[in-house]
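Worksheet for the structure shown next.
Just so you know, all these numbers are worked out from the coordinates, no wet-lab data involved. Keep in mind it's a predicted model, so treat the numbers as computed, not measured. Please note: Cβ atoms are built from the backbone with ideal geometry, for glycine as well, and neighbour counts cover all protein chains shown.
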Amino acid sequence: MSENTNQPTPETQVNHQFFFETQAQYAAPKGALTREKNQRKSLTLYAALAAGAIVGGAVGGGVAVGVYALTTAQAPVVVNNTDSVSWVTGVAAKALPSVVTISVDSASTGGSGSGVFLTKNGYILTNTHVVTLEGATSSASIQVKTTDGHIYDASLVGTDPTNDLAVIKVNAPVEFTPIDWADSSKINVGDSVVALGAPLGLPSSVTSGVVSALDRTIQVADSTPGQDGGSSLQWWNGTGAAPVNLRVIQTDAAINPGNSGGALVNDRGQLIGINVAIATAGSSATQSGNIGVGFAIPSNIAKRIGEEIMKTGKASHALLGALVSDYSAAGQGKGFSSGAEVAKLTAGGAAAEGGLKVGDVVIEFNGKAIASSGELTAAVRLEPANAPAEIVVLRAGKQVTINLTLGDLTNSQ
């Protein structure tokens, strides 16, 4: 008897249940739906009055708190036909209240991006290149617009140019909606995803697609102020400061300038990545938009970095203590790489102390394949300082497994 391939797996059953819950949410009786619409109209007017007061100056404490409580839960998800509500609608309804539009201005320039709430009290995670205007400033003026239309001043808590992540803080007597996290180590190629943010300054935009690839390593410009980094939304163009290597999720969900720092979520509305970069077909302005190749920083690393910045104002990073170069068995370092060859060891560093030798070719780091020096650098930088690591190398034609404790990049600088 042949196997019935149409039977849903436990995972698809969960996703279908989420879809049905979403459908039920919007397929309310007409009377109830009408009352909801009327209620929203009154809340919208109330919100507009509150927003005007906030922008104009002081607001009475008790009244402001009440207004915020009424309005912050309203997400701009329009449903015109309840019979055709999709899982994307449900995802947007759940996740958009956690996504913000960020406006950044300095004396000479300005820009916008996106971010996600980490906490109820206003901590927001975004990209370093958003809050530094591509490395142009370390003291920009920052404002945040939430999905209910409120605008708040925000302050910079800290940046991590190594992984292009930053944390800002809104101070207001409001409870915001923090993003719901997923474990990025458990996602698969082909999983459905939704990108949320403000592409080209258009807030609360929603695009959908799939996970195209995992553990992709890309190079973007360094957005540390003063590094002349250029645009981190696109791949490093070979000019300016040395690039930053990032290990990322690839997706075909449309990502455009302004989506940076926004959310890439799964079909449950849970964060799996922070949108960070796109590939383009060319260098001209007309070719700088989405072509279906976008990248996001995995949620597991984003969560660690965000929490460290909230606590200390900065993030820690591991250090291997070795100079490495691309290795190719066929081309002696030219053409396609198949590992990272150790060219030099730092005396007293983690690599030397752990047993790595000059000439070793690293082919695996913490269970992930390594095909180039950039991939090894990105993989090491994902780890916190002094983390344990398992490294597989080719040595004299044999595979050797080395376990060591990584160093601290901060203490070496």
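Miscellaneous remarks
- Under-5 Å amide H pairs with Trp181, H placed in peptide plane, nonlocal only: Leu271
- Relative protection proxy for 363-369, 272-278, 245-251, 343-349, from highest mean packing down: 272-278, 245-251, 363-369, 343-349 (other beta-carbon atoms within 10 angstrom).
- Cα→Cβ-extended label distance, 7 Å offset, between Leu202 and Arg395, nm: 5.6
- Charged neighbours of Asp180, selected by a Cβ distance under 9 Å, balance to +2 (K, R count +1; D, E count -1).
- Electrostatic tally near Gly122: other residues with Cβ closer than 10 Å to its Cβ, Lys and Arg +1, Asp and Glu -1, net +1.
- In nm, spacing of pseudo-spin labels at Leu323 and Ala107 (7 Å Cα→C-beta vector): 4.0
- For Val157, the amide hydrogen comes within under 5 Å of the amide hydrogens of Val167, Ile168, Lys169, counting only partners 5 or more places away or on other chains and with H modelled in the peptide plane.
- J(HN,Hα) series, segment 137-146, from Karplus relation 6.51 cos²θ - 1.76 cosθ + 1.60, nearest Hz, glycine and proline x: 8, 10, 9, 6, 7, 10, 10, 10, 10, 8
- Taking 0.36 nm per residue of separation and subtracting the Cα-Cα distance, full extension of the segment from Asp83 to Val189 would add 35.1 nm.
- Going from the residue with the fewest nearby Cβ atoms within 10 Å to the one with the most, Val361, Val393 rank Val361, Val393.
- Computed over segment 318-412, the P(r) tail beyond 23 angstrom holds 14 percent of alpha carbon pairs.
- Student exercise, segment 129-209 dipole from Lys, Arg, Asp, Glu Cβ charges, in Debye to nearest 20: 120
- Range of Cα positions in segment 76-230 per principal axis (Å), largest first: 52, 40, 26
- Take each peptide in 112-118, 381-387, 309-315, count the other Cβ atoms within 10 Å of every residue, and average; sorted highest first, the result is 112-118, 381-387, 309-315.
- Net charge of Cβ neighbours under 13 Å - reference Leu345; Lys, Arg +1; Asp, Glu -1: -1
- Net length gained if the chain between Asp153 and Lys344 were fully extended (0.36 nm per residue, minus Cα distance): 64.0 nm
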